[in-house]
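Working notes, structure below.
The values are calculated or read from the model by the stated rules, or taken from the named source; none is laboratory data. Bear in mind the structure is a predicted one, so any value in this text is a computation, not a measurement. Here the Cβ is made from the backbone with ideal geometry for all residues, glycine too, and neighbour counts use every protein chain on show. For accessibility, only protein heavy atoms count, side chains too; no ligands or nucleic acids. Shrake-Rupley method; radii C 1.70, N 1.55, O 1.52, S 1.80 Å.
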Amino acid sequence: MARALEHEHTDQAIHRRLAATPRPSYLRDWIYGGIDGAVTTFAVVSGVAGAHLPPRVIVILGGATLIADGFAMAAGNCLATRAEQEELGYAASVERRHIEKFPAGEREEVREIVRKLGVTGDLLERVVSAVTSDRDRWIRMMLREEYGLPAEVRSPWRAAAATFSAFLVCGLVPLVPFAASVAGAFWLASSVTCSMFALIGAVKSRWSIRPWWHSALETLVAGAGAAAAAYGIGAWLRYITG
């Protein structure tokens, strides 16, 4: 189990934890936005640098890409998350209608689900009766067991905000050396961006069973590979265009 999910097992802690409403995680949105922001902006920086264009052009193109792609990713994530909410709502309405029209068949579905858990005999019937006595509980069980849907979907706006903020923060890193007009801006940008890739991977490992260095190396290789490809394409285009 991931270290961040460890918790106490006293009676009071268990009651408090299970009585509370589960808090949705926006980790995937932040990681997705952060990695894509750093990769996208650094890929643009690398491509333009490979073409030997002035630093001013790098800042303009990189900044424009940062804002435009950040908004595009945030909007896409917002719509995708909203679609998940709509899917959950639609499935719930279908199950509610089926329970009203085919209660015996829906009870049999609950019975089969519970039977697969190893419950049999009189206990099986008591469990089925307990589940089907509360329609909302009945529907939640069917959504989870029949459709594989979560009990709650993340907020589309919070998901979009997490993606955009991470994209903006991490995507700014490759541009800072060029905006500051420091000597050797490209190599400095490469160093700090690679460090950013590794840092994102290391942070992500907190919610993983893998060691931090494995996650950091994986993220670093993916980001550096994309940037190297962009740099090579920029250099090649400069060569063929004279």
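Observations
- Of the residues making up region 188-242, those that are basic (Lys, Arg) and open to solvent by 50 Å² or more (accessible area, probe 1.4 Å) are Arg206, Arg210, Arg238.
- Residue that is modelled with the lowest pLDDT [pool: residues in region 52-68 that are buried (at least 18 other Cβ atoms within 10 Å of the Cβ) and of a type outside the set (A, V, I, L, M, F, W, C)]: Pro55
- Residue list for region 25-78, restricted to those being among the acidic types (Asp, Glu) and either under 18 Å from Ala227 (Cα atoms) or more than 12 Å from the chain's Cα centre (by Cα) (or both): Asp36, Asp69
- Picking from residues in region 200-224 that are outside any helix (DSSP H, G or I) and free of Cβ contacts under 8 Å to residues at least 24 places away in the same chain, the one that is farthest from Leu188 (Cα to Cα) is Arg210.
- In this entry, Ala43 passes the filter for residues that are open to solvent by less than 70 Å² (accessible area, probe 1.4 Å), in contact (Cβ under 8 Å) with a residue 60 or more places away in the chain and within 30 Å of Arg154 (Cβ to Cβ).
- Any pair with Cβ under 7 angstrom, 6 or more apart, that starts in region 177-192 at a residue that is under 16 Å from Ala43 (Cβ atoms) and ends at one that is charged (D, E, K, R) and loosely packed, with under 11 Cβ neighbours inside 10 Å: none
- In the set Ala222, Ala216, only one residue is on the phi < 0 side of the Ramachandran plot and at pLDDT 85 or above; that residue is Ala216.
Listed here are the residues, each with its yes/no results for (1) modelled with pLDDT under 80; (2) part of a helix (DSSP H, G or I); (3) among the charged types (D, E, K, R).
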residue: Leu18; (1), (2), (3): yes, yes, no
residue: Ser46; (1), (2), (3): yes, yes, no
residue: Gly70; (1), (2), (3): no, yes, no
residue: Ala83; (1), (2), (3): no, yes, no
residue: Glu86; (1), (2), (3): no, yes, yes
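- Residue match in region 184-193 (condition: modelled with pLDDT under 90, β-branched (Val, Ile, Thr), farther than 29 Å from Gln85 by Cβ and in a loop (DSSP other than H, G, I, E, B)): no
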